[in-house]
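Beneath this line is the structure, given in structure tokens, with notes to follow.
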Amino acid sequence: MEFYEDHKGKIFSYLMRMTAGDYDLSQDIMQESYTRYLEHYGMENRSISLLYTIARNTIIDHERRFRYRQPIGQDHKDTSISQEAGFMVREEYRRVLSAFQGLEKNERDILTLVVSGDVSYRQIASIIGISEANVKVKVHRARIKLKRILEEGDI
């Protein structure tokens, strides 16, 4: 399935940010999102913004059911780089994820969609249910806030 192969990395990255780095939960939600997509829309409709909407709604469903957030935790080995470099990358990743959690949920949601790269501001506006201009303003403000959190180093 070409659609899956083309977008699985970006959807998974989006989910990792939205689940505070919970690898297993991100995998589960990604699988559930693709399953829902295929069940309802089949192979003909190949809309990446629709897939992001389904993934976002699946996260919301999960949060409603379980009402908790797993802490940033499990290390996953990356054999392509040295242990020291891998440690530094993981630590920086944790630092950014921690700072990211300092944002409000709607700010995290919008920034995560922007960072994923496959979704335009217009598509984000459709997913979130606000105007495109409002998306741009919210993205700008969220980036400034994230930068301030990272610079303060309270993480």
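The values are calculated or read from the model by the stated rules, or taken from the named source; none is laboratory data. Not measured: the values here are computed from a predicted model. We place every Cβ from the backbone using ideal geometry, glycine too, and count neighbours over all the protein chains shown.
What the table shows:
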{"read-out": "Looking only at the stretch 132-155, and only at residues there that are of a type outside the set (Asp, Glu) and exposed (fewer than 11 other Cβ atoms within 10 Å of the Cβ), the one that is farthest from ASP109 (Cα to Cα)", "value": "GLY153"}
{"read-out": "Cross-chain or 6+ apart pairs with Cβ under 7 Å, the stretch 24-48 first and farther than 18 Å from ILE59 by Cα and of a type outside the set (A, V, I, L, M, F, W, C), then at pLDDT 80 or above and surrounded by 12 or more Cβ atoms within 10 Å (Cβ to Cβ)", "value": "TYR41/LEU50"}
{"read-out": "Every residue from the stretch 91-136 that is farther than 27 Å from SER47 by Cα, free of Cβ contacts under 8 Å to residues at least 60 places away in the same chain and among the hydrophobic types (A, V, I, L, M, F, W, C)", "value": "VAL96, ALA99, LEU103"}
{"read-out": "Subset of the stretch 107-123 (residues that are within 13 Å of the chain's Cα centre (by Cα) and within 14 Å of ILE54 (Cα to Cα))", "value": "ASP109, LEU113, VAL119"}
